[in-house]
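Here the structure is laid out as structure tokens; the discussion comes afterwards.
The values are calculated or read from the model by the stated rules, or taken from the named source; none is laboratory data. From a predicted model like this one, the values you see are computed outputs, not experimental measurements. Note: ideal-geometry Cβ built from the backbone for every residue, glycine included; neighbour counts use all protein chains shown. Accessible surface is based on the protein model in full, side chains and every heavy atom, while ligands, DNA and RNA are left aside. Shrake-Rupley method; radii C 1.70, N 1.55, O 1.52, S 1.80 Å.
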Amino acid sequence: MTFCSVFLLLFLILLFSSFEQSVSISSGSQRVILRSIINENSKDGDFAIDLNATNFDSVLKETPAPFAIVEFFAHWCPACRNYKPQYEKVARLFNGADASHPGIILMTRVDCASTINSKLCDKFSVDRYPMLFWGPPKKFVSGGWVPKQGKSEIIPIESGRTADVLLGWINKQLGSSYSLDDGKYENEHLQTNTSDPGQIAKAIYDVEEATSTAFSIILDHKMIKPETRTSLIKFLQLLVAHHPSRRCRKGSADVLVNFDDLCPSSTMLVNNEEAESCSKNGVLENYQICGKEVPRGYWMYCRGSKNDTRGFSCGLWILLHSLSVRVEDGESNMAFRSTCDFVHNFFVCEECRQHFYEMCSSVSTPFKKARDFALWLWRAHNKVNERLIKEEASLGTGDPEFPKAIWPPKQQCSSCYLSPSKTSKENSKIDWDENEVFKFLVSYYGKELVTLYKESEQRGSGQTEKIVAEELVASTNAVVVPVGAALAIAVASCAFGALAYIWRSRQKNRKYKYIYSLKNI
């Protein structure tokens with residue numbers, strides 16, 4: 001028996017025994033509806049988010065905005081109908097993709113005339129319509145308000161009966177000078193102190209946004225085809241195992257475990273039919289890769305000083321860096337290949353795609369350490385920055401507040417820079433201490449990136465990674481990116497085709513037995 005056969009046999013035994021104890025990922029897990037509501041409301045001129053008892057806590061808990069306004073109203077109330085246009089004038093400044101001041105205030109409404117909201121309205125002592133409250137979003141979660149109570153962070157807004165008066169109240173509260181005439185996305189609250197390491201914590205929302213945007217682009221452009229199918233599956237597996245956001249891991253897993261049903265193999269479909277079935281108009285559209293609670297359409301950490309700078313490209317780079325510092329040694333080369341193939345097949349900027357592919361093609365020796373992959377991606381990012389520094393300077397297309405630069409700067413990681421060599425004549429070349437650079441990458445894109453999620457991750461991550469490791473092979477008949485073990489890598493490189501076939505057959509047999517049992521009940 002060969003070395004690979006022994007490893008394969010051991011791995012199969014462990015894998016199938018683990019599968020018997022696994023818990024399936026529920027596609028019916030709780031979802032909130034903030035993104036879809038914002039998109040639908042914006043089309044109709046509505047920007048305030050309609051909440052009810054089923055999603056009130058979830059939406060307010062997940063929003064990155066530091067403040068929220070909740071309007072309690074009744075749909076039969078004439079005064080409420082007359083007030084709605086006034087409230088919407090203010091809401092359009094803060095909610096939606098075209099907001100002038102996104103990420104500051106989440107403006108919502110609750111219909112107390114709906115029976116489902118009766119207890120919710122009672123918790124806030126709603127005794128007249130409309131009734132407005134202001135406060136930190138998380139204070140509304142499982143909270144309430146009682147008249148004449150002591151100190152509370154939830155404050156009733158007594159003077160907000162016109163758009164001008166309500167916005168004036170907000171300006172007084174925040175010390176701001178917002179105007180109803182403000183145009184789209186003025187960015188006057190832009191955070192430009194990039195030397196503050198704490199700011200990267202905000203990027204967890206941008207990584208979710210970038211992941212969701214990338215998935216939407218793939219569907220919009222009908223990019224899932226026989227020749228790109230495997231690369232998407234492998235990248236999804238990487239997301240399921242190592243995405244810094246738990247809800248993106250869960251959403252990616254939902255897509256992955258149902259991928260064969262959602263996006264049938266080309267063995268039964270011609271190219272155009274497969275592309276159509278996996279497009280924006282197909283069933284795959286119903287799956288939200290980061291959950292429906294990704295609401296924003298704007299950026300937090302990656303927000304540029306101009307509307308056409310940073311944003312998606314910034315968020316995608318942060319996603320790739322965050323993945324690179326989370327993989328284990330045995331996964332490093334598979335993670336590298338999955339990343340390269342994903343960019344090559346699904347990034348729609350042709351020049352960027354080609355340049356990234358050239359950098360990938362220059363790697364001749366497989367990575368054996370996670371450190372090697374993380375440092376390669378860091379060097380690649382700096383090569384891109386070097387190229388864009390010259391181009392943007394000559395064309396004037398850069399962001400004046402965020403000019404491209406070699407990264408990280410000394411103020412963020414002074415230990416990353418070695419003292420200049422006395423014998424070196426290349427004054428422009430930086431001598432890096434790559435050990436310190438790697439430590440910085442792991443801290444910056446690992447620990448600090450998920451600071452805002454730390455508490456929820458501790459509460460909820462639970463079985464996710466274990467489930468992922470046990471379920472991934474069952475989802476597709478393509479090559480799997482194993483979760484964190486050199487043993488799995490050895491098996492995959494030796495005989496993964498046989499493993500996938502056996503596993504897939506086992507899954508189908510279970511499915512058929514289940515259907516047969518239902519028929520005989």
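Among the listed pairs K123/K151; K234/K439; K383/K429; K138/K202, give every one whose C-alpha distance is greater than 22 Å.
K234/K439
At D220 and S415, where each label point lies 7 Å from the Cα along Cα→Cβ, what is the point-to-point distance in nanometres?
Roughly 4.3 nm, to one decimal.
Rounded to a whole number, what is D in µm²/s for the stretch 31-174 from Stokes-Einstein with the Kirkwood radius over alpha-carbon pairs (10 °C, 1.306 mPa s)?
Numbers: Rh = 15.1 Å.
Approximately 105 µm²/s, per Stokes-Einstein.
May I ask you to derive the FRET efficiency for D261 and Q354 from their Cβ-Cβ distance with R0 = 22 Å, giving the value to the nearest 0.05?
The pair D261/Q354 has a calculated efficiency of 0.05.
Which order do the peptides 129-140, 343-354 come out in when sorted by mean C-beta neighbours inside 10 angstrom, highest first?
Values: 129-140: 20.0, 343-354: 14.7.
In decreasing order of mean packing, 129-140, 343-354 become 129-140, 343-354.
Calculate the spin-label point distance for R81 paired with H344, positioning each point 7 Å from the Cα along the beta-carbon direction, and give it in nanometres.
Each label point lies 7 Å from its Cα, and together they span 6.1 nm.
At R0 = 35 Å, how high is the FRET efficiency between K369 and S176 if r is their beta carbon distance? Nearest 0.05 is fine.
0.10
Considering only protein heavy atoms, what per residue accessible area in square angstrom results for the stretch 31-174 with a 1.4 angstrom probe?
Per-residue accessible area for the stretch 31-174 comes out at 45 Å².
First measure r as the distance between the Cβ atoms of D399 and V165, then evaluate 1/(1 + (r/R0)^6) with R0 = 25 Å and state the FRET efficiency to the nearest 0.05.
0.10
Hey, can you rank 54-60, 441-447 by average C-beta count inside 10 Å, highest first?
Final packing ranking: 54-60, 441-447.
How large, in percent, is the carbon and sulfur part of the accessible surface of the stretch 40-104 at a probe radius of 1.4 Å? Walk me through the numbers on the way to the answer.
Numbers: 1310 of 2530 Å².
Carbon with sulfur: 52 percent of the solvent-accessible area.
Would you mind putting 370-379, 163-172, 111-120 in packing order, based on average other-beta-carbon counts within 10 Å, highest first?
Taking the mean over residues of other Cβ atoms within 10 Å, the ranking is 370-379, 163-172, 111-120.
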